[in-house]
Amino acid sequence: MIVELGHFALVLAFFVAVVQTVLPLWGAQTGRRALMAAGEPAAMVQLALIAFSFCALTYAFVTSDFSLRVVVENSHTLKPMLYKVAGVWGNHEGSMLLWVLILALFGGAAALFGGNLPVTLRARVLGVQAAIGVAFLAFILFTSNPFQRLAMPPMNGQDLNPLLQDPGLAFHPPFLYLGYVGLSMTFSFAVAALLEGRVDAAWGRWVRPWTLAAWVFLTIGIALGSWWAYYELGWGGFWFWDPVENASFMPWLFAAALLHSAIVVEKREALKSWTILLAILAFGFSLIGTFLVRSGVITSVHAFANDPERGVFILLILAVFMGGALTLFTLRASAMQAKGVFSMVSRESALVINNILLAVAAFVVFIGTIWPLVAEAFWDRTLSVGAPFFNAAFTPFFTALAIILPVGAILPWKRARLGATAKKLIPSLILALAVLGLVWAIQTQQTLLGPIGLALGTWLVAGAVQDLLLRTGRRPNLGRLTRLPRADWGRLFAHGGLGITMMGIAGLTAWTVEDIRVVQEGDSFEVAGYTIALDAVERRQGPNYVTTMATIQVFDGDRRVATLHPEKRSYPVAQMPTTEAGIDNGFWRDVYLVIGDVQANGGWAVRTYIKPLANWIWGGAIIMALGGVLSLTDRRYRVAAGARKAAPAPREVPAE
């Protein structure tokens with residue numbers, strides 16, 4: 001009964017979304033307040049209906065209701081409760097229901113907290129947001145219904161993909177979707193502004209919190225996925241340029257560019273057209289990512305669907321919304337004239353360069369991701385674009401970004417003198433060069449990637465700190481620091497976190513030590529100054545898997561550093577193995593161990609990695625996300641707080 005009600009609620013939500021699309025947009029166009037006012041209650045009702053539907057599907061997974069096809073294909077009675085719940089979004093149908101739930105959640109938030117928006121703008125934002133909901137609710141109901149019943153329910157399910165049965169990946173999709181779908185609000189604001197024919201400083205302030213929230217969620221989601229790949233796949237890598245990884249990374253880059261561009265609109269009323277275009281592209285690349293993951297056109301360990309019919313439907317949604325928005329942008333571009341003027345050397349110019357680098361980097365990733373598809377479609381050639389291409393093509397843009405970012409952050413608005421600004425950053429430059437020289441002196445005959453990466457990271461961190469200190473005046477003091485706006489502290493954490501992540505990537509990439517050998521139980525061996533001793537290997541029974549677990553001691557000289565238990569698990573129902581690395585996490589390095597198969601001589605294959613600065617990668621991501629949260633708590637950047645400008649009341653049109 002609960003499942004049937006959940007299905008009915010989903011159908012009803014579709015019709016409510018249609019009403020929310022038509023009435024507010026019609027009211028905004030004709031000036032009828034009564035029609036525009038329908039948007040807020042419709043948004044809340046739609047959210048309540050989809051939330052109930054999602055809870056009904058969760059109930060079916062928790063109670064192992066195998067009359068639903070999606071539960072049979074993605075659950076099992078022996079599965080731990082965490083993964084029963086995670087199974088709700090660990091499949092195509094359930095994940096799309098989560099997608100529209102988050103879409104409705106953002107629409108409800110705009111209805112609830114958008115009281116400071118002009119009436120017509122709010123109505124148009126809610127209408128556009130609902131139109132996206134109509135498209136995806138139709139997609140779910142017609143091609144991906146999670147409430148599809150089976151005529152003959154089996155006694156048990158087929159289990160969830162073992163790779164997804166992990167705490168990191170259980171929370172990874174919800175955060176990622178909050179970022180993906182959160183960018184729909186920036187799209188809705190952009191289209192609403194185009195319909196209004198007005199983009200001003202107030203609009204820039206209204207759109208920033210939504211963009212910032214989406215960027216924070218994307219940062220957390222990408223970091224969780226990277227962390228999962230690091231310890232779960234057994235390769236010791238943190239990023240593999242997988243198409244699904246790229247699908248989330250591209251919107252993150254565009255969201256970062258949009259954040260900086262919206263600052264210029266807010267402060268100087270410049271770059272209006274560019275900001276609107278970035279808002280459209282950010283959500284557009286979220287839709288492209290949805291298409292890549294769910295169309296079956298790419299192969300990945302975490303692609304959701306392999307159904308061309310679904311891919312065509314998503315491609316149609318992408319064409320309608322992106323094509324419509326870009327057409328409207330073309331027609332309205334002349335109405336978005338910039339008011340602020342600035343010289344070539346100014347903070348505005350630095351932000352323009354910053355945005356161009358981020359956008360070009362995103363397009364480089366996009367080209368590398370889709371080029372194999374293009375080659376196969378037009379020339380019938382099978383190509384593989386891997387890490388060497390992405391590293392070579394992407395790294396120069398991010399290197400340039402790291403160099404420019406500290407300089408741009410302290411340049412004055414409108415007009416500046418580069419020499420005077422550069423002098424302020426001399427301490428940061430000296431520190432970065434000192435780190436470069438120190439690391440280069442310590443290492444011998446190794447790659448330059450490590451020293452340069454650490455120098456760039458130091459430059460970013462030191463520049464962010466110096467930027468904060470310069471905002472307190474010529475003589476910084478603690479009192480002035482504590483009185484700085486939270487947005488300034490947020491910028492420090494975001495830029496500094498990026499620098500820390502870059503240092504972690506450089507250290508792990510340049511100085512990882514790898515050792516692969518066959519080891520007998522009771523034997524030990526040396527790797528990079530550590531003694532690794534294999535004590536025993538035994539088979540154990542897990543809740544829904546059988547594991548081969550090793551007990552390995554790690555010594556640094558005579559001191560025991562850690563006792564690790566790497567595993568090789570086998571899931572009988574899914575008939576799939578997984579690797580569980582044993583990791584001793586440290587501030588300066590990780591000791592990373594993987595147990596392989598038993599060999600003909602009775603020994604075991606053991607892979608050992610010593611990974612310098614590995615945890616700096618995710619530590620930096622956490623600090624970046626914290627910076628975004630700090631900025632969100634700044635009262636100036638709450639939704640339209642203090643930014644509302646007087647706007648003419650909409651024209652009342654008498655009912656006919």
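Tabulated results
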read-out: Residue-wise HN-Hα coupling along region 521-538, computed from phi with Karplus coefficients 6.51, -1.76, 1.60 (Hz; x: Gly, Pro); value: 4, x, 8, 9, 8, 10, 9, 6, x, 9, 9, 10, 10, 8, 7, 7, 10, 9
read-out: Whole-Hz couplings from phi, Karplus 6.51/-1.76/1.60, listed for region 270-287; x for Gly and Pro; value: 10, 6, 5, 4, 4, 5, 4, 5, 4, 4, 5, 5, 4, 6, x, 6, 5, 5
read-out: Pairs of alpha carbons in region 219-285 whose separation is greater than 19 Å (percent); value: 45
read-out: Span from the region 6-29 Cα centroid across to the region 515-536 one, whole angstrom; value: 63
read-out: Protection proxy ranking, peptides 221-232, 311-322, average beta carbon neighbours within 10 Å, highest first; value: 221-232, 311-322
read-out: Length-normalised contact order for region 513-614 - Cα pairs under 8 Å, 6+ apart - percent; value: 25
read-out: The chain: radius of gyration over Cα atoms, expressed as a fraction of 2.2 N^0.38 Å; value: 1.03
read-out: Per-peptide average of other Cβ atoms within 10 Å, ordering 106-117, 49-60 highest first; value: 49-60, 106-117
read-out: Rh by Kirkwood over Cα pairs, then Stokes-Einstein D for region 1-119 at 0.890 mPa s and 25 °C, µm²/s; value: 158
read-out: Highest average packing first - 455-462, 363-370, Cβ atoms within 10 Å; value: 455-462, 363-370
read-out: Calculated from backbone phi, Karplus (6.51, -1.76, 1.60) coupling profile of region 383-395 in Hz, x at Gly/Pro; value: 10, 10, 9, x, 4, x, 5, 4, 4, 6, 8, 8, 4
read-out: Rg to Rh quotient for region 513-614, alpha carbon positions, Kirkwood Rh; value: 0.99
read-out: Relative contact order (%) - region 1-165, alpha-carbon pairs under 8 angstrom, separation at least six; value: 35
read-out: Cα-Cα over 25 Å, subset of 84/568; 272/414; 79/568; 84/611; 568/611; value: 84/611
read-out: Inter-centroid distance (Cα atoms) of region 39-58 relative to region 356-378, Å; value: 37
read-out: Computed over the chain: relative contact order in percent, which uses C-alpha pairs under 8 Å that are six or more apart; value: 13
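Every read-out reported here was derived from the displayed coordinates using simple, explicitly stated rules and does not represent laboratory data. Quick caveat, the model's predicted, so the values are computed rather than measured. Don't worry about glycine lacking a Cβ; one is built from the backbone with ideal geometry, like all the others, and counts go over all protein chains shown.
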